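Peer 1: I have a structure here, written as structure tokens, and I will follow up with some questions on it.
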Amino acid sequence: MADQPVSDRIGGYADAVLAVARAEGAQAEVESELARFAEALRSSDELQSTLADSVIDVERRLQITEDLLGGKALPATAALVSLVVGAGRGGELVEIIDAAIDRAAAGRNRRVARVRSAVELTGEQRSRLVEAIKASAGLDVEIQAIVDPSVVGGVVTEIGDDVIDGSVRSRLQQMRSGLG
Amino acid sequence: MARKTLRLFAALSVASAVLLAAAGPAWAAGETIGGCVIAQVHYAEEEYGSLSAVEADEKAFKSFEEDLEGCVEAPSPILPELDEIIWGGLAFLILFAFMWWKGFPAVKRAMDARSEKIRADLDAADSAKADAMRTKSEYEAQLADAKTAAAAIIDEARGQADQLRQDLQARAEADIAEQRTRAAADIESSRRQAIDDLRTEVAAIAVGAAERVVGASLDADVHRSLIDGYIDDVAGSGSNGDGS
């Protein structure tokens, strides 16, 4: 079987994930759980590499996802993650989840704003940020909050290819560039 | 002239040999002493009637005695008898004529042929000498040309060697200069790289220390303040992809 382009393949898996979530009637919860699982993958390179390692038996990798999600997430969420890992696409799991969330938001005429911060945003801060983005860019967005200690302080917002970086990390990097 | 003298000398030699050869037999063929005595006796008896009459006449006896002595007198070893001279001279003339008729032309032809051969040999020798001289001249000319060409080649080779030496020297000097320049550039590059590395290292250490200090100093209030300030900035600015 000829390999498809990566973007097409990721889009296909994302559509499948959304279809299953809708079919299970718990799309919002599945999206939320998938987003948290994607956040966990981003924070652990070892976990990403393990799920992507074809040398490790598929059963072993599926057992890892079961250990992580079993009893802690909806069965549909765990099944979707197992579906992707069992298909040998564990290395593209984060991109597939992001694509599924983006397509789900697009279905609601919104875009996804991935907001990284060193501490978790409060509900009030999320609401204000949604309003601020709508006021400045004219976009209706859904916040996907990601706690990332590497940000150190402040916030980094990604909307598609646009990045609004107000993190302490970027300022330290600017200082590093100035010193270097 | 020399050829005429040679020819006369040859003729005289042949004639003398013929004369001497003819004289011997003539002399050997003369009358004997006994015959001579008998003839003198007969001559005296006819002249005087008898030998007694001769003996009686003192004058006749003396003459008879001289005649007898003449019989016993030996012939001349030099002067031949007259008949021998006649026969010898005749033989000489015949032989001389024969030699003049046959021998001399043959000798002359032989001499002429010999002279012609010598002349031809001399001419050939002269020609060979001339050829040798011409060859020698050509050889000397070729030798001179070869020497000139060799000198030219040596000069050219010397010039090329000098040029090559100058080129090599110039190239070596250029290489040395280039290597010096390159070494200086490498040293400068290494120095700058070392400075950059040191600066980066110092920056990393400083930023790392700053991160630790900032991270330790950021409490919940500061985080909230930073997030609120960020939201206010986003609300107050356009989305240009480069927020602060």
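Peer 1: Based solely on C-alpha atoms, express the radius of gyration and the Dmax of chain A in angstrom.
Peer 2: Expressed in Å, the Cα Rg and Dmax of chain A come to 17.5, 55.
Peer 1: Take peptide A:109-117, look around each residue's Cβ out to 10 angstrom, count Cβ atoms belonging to other protein chains, and average those counts.
Peer 2: 1
Peer 1: May I pose another question? Express the Stokes-Einstein translational diffusion coefficient of the protein assembly as shown in µm² s⁻¹, to the nearest whole number, given a Kirkwood radius over alpha-carbon pairs, 25 °C and a viscosity of 0.890 mPa s.
Peer 2: Value of D from the Cα-based Kirkwood radius: 66 µm²/s.
Peer 1: What percentage of the solvent-accessible surface of chain A, computed with a 1.4 Å probe over protein heavy atoms, is contributed by carbon and sulfur atoms?
Peer 2: 50 percent
Peer 1: Given Cα pairs under 8 Å that are at least 6 residues apart, what percent is the relative contact order of chain A?
Peer 2: With pairs under 8 Å counted, the relative contact order is 20 percent.
Peer 1: With r as the distance between the Cβ atoms of B:GLU138 and B:VAL107 and R0 = 35 Å, compute the FRET efficiency 1/(1 + (r/R0)^6) and round to 0.05.
Peer 2: 0.20
Peer 1: DSSP loop GluC sites (Glu not before Pro) in segment B:40-102 with at most 11 other Cβ atoms within 10 Å of their Cβ, which ones?
Peer 2: On the way: sites: B:GLU45, B:GLU46, B:GLU47, B:GLU55, B:GLU58, B:GLU65, B:GLU66, B:GLU69, B:GLU73, B:GLU81, B:GLU84; in loops: B:GLU73, B:GLU81.
Within segment B:40-102, the qualifying GluC sites (Glu not before Pro) (loop, at most 11 other Cβ atoms within 10 Å) are B:GLU73.
Peer 1: Follow-up. Please work out the FRET efficiency for the pair B:ALA172 and A:SER7, using the Cβ-Cβ distance as r and a Förster radius of 60 Å; give the result to the nearest 0.05. Don't jump to the answer; show the numbers that get you there.
Peer 2: Numbers: r = 60 Å, r/R0 = 1.00.
Working from the Cβ atoms, E equals 0.50.
Peer 1: To check you understand DSSP bridge types, tell me what percent of the beta bridges within segment A:110-179 (both residues inside) are antiparallel, rounded to 5.
Peer 2: Working: 11 of 18 bridges.
If we restrict to bridges inside segment A:110-179, about 60 percent are antiparallel.
Peer 1: For segment A:46-128, what's the relative contact order in percent, using C-alpha pairs closer than 8 Å and at least 6 residues apart?
Peer 2: 27 percent
Peer 1: Using only C-alpha atoms and all pairs of different ones, pull out the Kirkwood radius for segment B:128-244 in Å with one decimal. Working shown, then result.
Peer 2: Details: mean 1/r = 0.0418 Å⁻¹.
Radius from the Kirkwood sum: 23.9 Å.
Peer 1: Sticking to Cα atoms, compute the Rg of segment A:6-104 to one decimal and its Dmax as the biggest Cα-Cα distance, whole number, in Å.
Peer 2: Answer for segment A:6-104, Rg first and Dmax second: 12.2, 36 Å.
Peer 1: Right, next: Compare the peptides B:136-147, A:146-157 by average per-residue count of other Cβ atoms within 10 angstrom and give them in order, highest first.
Peer 2: The peptides rank, most packed first, as A:146-157, B:136-147.
Peer 1: Per DSSP H run of at least 4 residues, take -39500 (n - 2.57); add these up for chain A, divide by its residues and hand me the 222 nm value, nearest 500 deg cm²/dmol.
Peer 2: -19500 deg cm²/dmol
Peer 1: Can you give the extra length, in nm with one decimal, that the chain gains between B:ALA220 and B:ARG165 once fully stretched, where that is 0.36 nm per residue apart less the Cα-Cα distance?
Peer 2: So the extension gain works out to 11.6 nm.
Peer 1: Something else now. Take every DSSP beta bridge with both residues inside segment A:34-172 and express the antiparallel ones as a percent of the total, to the nearest 5.
Peer 2: Once the DSSP bridges in segment A:34-172 are tallied, antiparallel ones form about 60 percent.
Peer 1: Shielding by partners for A:121-127, please: the mean number of other protein chain Cβ atoms within 10 Å of each residue's Cβ.
Peer 2: 2
Peer 1: Which FRET efficiency value, to the nearest 0.05, is calculated for A:SER127 and A:ASP53 with the Förster distance at 41 angstrom and r the Cβ-Cβ distance? Show your work: numbers first, answer last.
Peer 2: Numbers: r = 41 Å, r/R0 = 1.00.
Efficiency at R0 = 41 Å is approximately 0.50.
Peer 1: For the protein assembly as shown, what does the accessible surface come to per residue with a 1.4 Å probe? Please give it in Å².
Peer 2: On a per-residue basis, the protein assembly as shown sits at 65 Å².
Peer 1: May I ask you to work out the translational diffusion coefficient for segment A:115-180 at 10 °C, viscosity 1.306 mPa s, via Stokes-Einstein with Rh from the Kirkwood sum over Cα pairs, reported in whole µm²/s?
Peer 2: Details: Rh = 12.6 Å.
In µm²/s, the coefficient is 126.
Peer 1: If you don't mind, another one. How crowded by other chains is B:209-216, given as the mean number of beta carbons from other chains within 10 Å of each beta carbon?
Peer 2: 3
The values are calculated or read from the model by the stated rules, or taken from the named source; none is laboratory data. Just so you know, these numbers come straight off a predicted model, no measurement behind them. Cβ coordinates were reconstructed from backbone atoms using ideal geometry, including for glycine residues, and neighbour counts include every protein chain displayed. Ligands, DNA and RNA are excluded from the accessible area calculation, which covers all protein heavy atoms including side chains. Shrake-Rupley method; radii C 1.70, N 1.55, O 1.52, S 1.80 Å.
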